[in-house]
Amino acid sequence: MKLHEALNIDLGQINREIKQLVTRDKDVPKHSQLSSSILELVGSGGKRLRPLMVIVGSRFGKKAPGRRTLHLAAAAEFIHAASLVHDDIIDSAELRRGQPALHTKTGIPSAVHIGNYMSARVIELLSKYSGDKNRYVHDLSSVATAQLCLGEYQQMELAYDYDITMEQYLEKSRNKTALLMATCLRVGALSTESPEEVANLLYSFGEALGMSFQIQDDLLDFTQSSEVLGKPAGSDLRHGQVTLPVLYALEYPEIAPVIRTIGPASSDEEVANVLSLITQSDALARAEQVSRSYLEQAAAIVQQLSSYPAHVDLNTLLHYFSARDH
């Protein structure tokens, strides 16, 4: 069963709302490259985790989810999709979800502007929710977007930096992945007038889940095939991303010097050799243990929310994240 089915969420409704972010913008010509590129991008698949998390969060409020919640869900996916456009440009990635990345079809300048438009469109859409009562919307339209951009910049700045600390890795992962997921749950809850303390617990749950998700992403780069990932296996290492398994492997004197030789000009054979060395060490098991510890933190928060019927949806998310293989 797919995640949206397990959560009893109408994914078609969310997808329509996402597409309408473009089609309802009168300033964007219907058959323009901008419109067609975005519609193709958002229609190319994806798990829709972030909008699903907005909807799950909304089930903890006093009111039934309405148009505002749906707007927030669509905005969350737009923010995420825009970040993928920029991410692929920075990484010179040719594939996304098994298909040619956007910038390979439009050219880099056009793709940059498309990603910029998507981020700006979210701010435009959500700006109508003003006033102190709706201040939480700002967390999604501005704060989470800014943190995500900061995480992307940190990733770029720290490429091939084999002296990165654990604190730097965790901060980058939190900014790049976890905070948007956390914010999705929180703003979803506040959109239906959830108590602040419940919304904050959902934020903590989402942050823990997001950290686990990023570490699992790091691990899949070593353990899954290119066909399953929709991008070349080992691409993080090829692009100089010092992920958690690499960070742990750098502690071993017999492996560290070989890892440090990997740079932008390294051959496929050299990268494959380092991938093999790291896989043969216990670095992956140690990283998996950290991922599990974040899931345990999330599970403890679910217990604190057990008086809410929607806590079962948090358990569904927890199960999905713990069983993730792509």
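Can you tell me which condition L179 does not meet? The list is (1) buried (at least 18 other Cβ atoms within 10 Å of the Cβ); (2) not in a helix (DSSP H, G or I), and all the others hold.
(2)
Determine if region 165-184 includes at least one residue that is farther than 24 Å from L295 by Cα and not aromatic (F, W, Y).
Start the filter on region 165-184 by keeping residues that are farther than 24 Å from L295 by Cα, which leaves none.
Checked against the condition, which is being farther than 24 Å from L295 by Cα and not aromatic (F, W, Y), region 165-184 yields no hits at all.
Starting from residues that are within 25 Å of the chain's Cα centre (by Cα) and outside any helix (DSSP H, G or I), keep the ones in region 1-33 and report whichever is farthest from G57 (Cα to Cα). Can you show your working first?
Our first condition is that a residue be within 25 Å of the chain's Cα centre (by Cα); within region 1-33, this holds for 1-23.
Narrowing further to those that are outside any helix (DSSP H, G or I): 1-2, 7-10.
Working: M1: 21, K2: 19, L7: 12, N8: 14, I9: 12, D10: 15 Å.
Looking at residues that are within 25 Å of the chain's Cα centre (by Cα) and outside any helix (DSSP H, G or I), I get M1.
Considering only residues that are part of a helix (DSSP H, G or I), surrounded by fewer than 19 Cβ atoms within 10 Å (Cβ to Cβ), of a type in the set (S, T, N, Q) and in contact (Cβ under 8 Å) with a residue 12 or more places away in the chain, which ones fall in region 120-146?
Of everything in region 120-146, just one residue is part of a helix (DSSP H, G or I), surrounded by fewer than 19 Cβ atoms within 10 Å (Cβ to Cβ), of a type in the set (S, T, N, Q) and in contact (Cβ under 8 Å) with a residue 12 or more places away in the chain, namely S142.
So that you can scan it fast, the table gives a plain yes or no per residue for (1) open to solvent by 40 Å² or more (accessible area, probe 1.4 Å); (2) hydrophobic (A, V, I, L, M, F, W, C):
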{"residue": "D236", "(1), (2)": "no, no"}
{"residue": "L244", "(1), (2)": "no, yes"}
{"residue": "L250", "(1), (2)": "no, yes"}
{"residue": "I255", "(1), (2)": "no, yes"}
{"residue": "T261", "(1), (2)": "yes, no"}
{"residue": "A265", "(1), (2)": "yes, yes"}
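Condition (residue is buried (at least 21 other Cβ atoms within 10 Å of the Cβ) and farther than 21 Å from K176 by Cα) applied to region 77-94: is it met by at least one residue?
The answer is no, given that none of the residues of region 77-94 is buried (at least 21 other Cβ atoms within 10 Å of the Cβ) and farther than 21 Å from K176 by Cα.
Would you mind stating whether L39 is open to solvent by 50 Å² or more (accessible area, probe 1.4 Å), of a type in the set (A, V, I, L, M) and either at positive phi or modelled with pLDDT under 95 (or both)? Step through it out loud before you land on a result.
Working: open to solvent by 50 Å² or more (accessible area, probe 1.4 Å): yes; of a type in the set (A, V, I, L, M): yes; either at positive phi or modelled with pLDDT under 95 (or both): yes.
Spelling it out, L39 is indeed open to solvent by 50 Å² or more (accessible area, probe 1.4 Å), of a type in the set (A, V, I, L, M) and either at positive phi or modelled with pLDDT under 95 (or both).
Mind checking which residues of region 182-228 are part of a loop (DSSP other than H, G, I, E, B) and surrounded by fewer than 24 Cβ atoms within 10 Å (Cβ to Cβ)? Before you say what the answer is, go through the steps one by one.
To start, the set of residues in region 182-228 that are part of a loop (DSSP other than H, G, I, E, B) comprises 191-195, 224-225.
Selection gives T192, E193, P195, Q224, S225.
Could you please let me know if Y308 is farther than 22 Å from Q154 by Cβ and not in a helix (DSSP H, G or I)?
So Y308 fits the description; yes.
Which ones in region 92-117 are in a helix (DSSP H, G or I) and within 16 Å of the chain's Cα centre (by Cα)? Lay out the reasoning, then the answer.
Step one: filter region 92-117 for residues in a helix (DSSP H, G or I), giving 102-106, 108-117.
The answer is G115, and nothing else.
What residue, of S281, S306, S322, S291, is modelled with pLDDT under 95 and of a type in the set (S, T, Y)? Before the answer, list the steps.
Values: S281 fails: modelled with pLDDT under 95; S306 fails: modelled with pLDDT under 95; S291 fails: modelled with pLDDT under 95.
So the residue among S281, S306, S322, S291 that is modelled with pLDDT under 95 and of a type in the set (S, T, Y) is S322.
The values are calculated or read from the model by the stated rules, or taken from the named source; none is laboratory data. Bear in mind the structure is a predicted one, so any value in this text is a computation, not a measurement. No Cβ is skipped: glycine too gets one built from the backbone with ideal geometry, and neighbour counts run over all protein chains shown. These area figures cover heavy atoms from the full protein model, side chains too; ligands, DNA and RNA do not enter into them. Shrake-Rupley method; radii C 1.70, N 1.55, O 1.52, S 1.80 Å.
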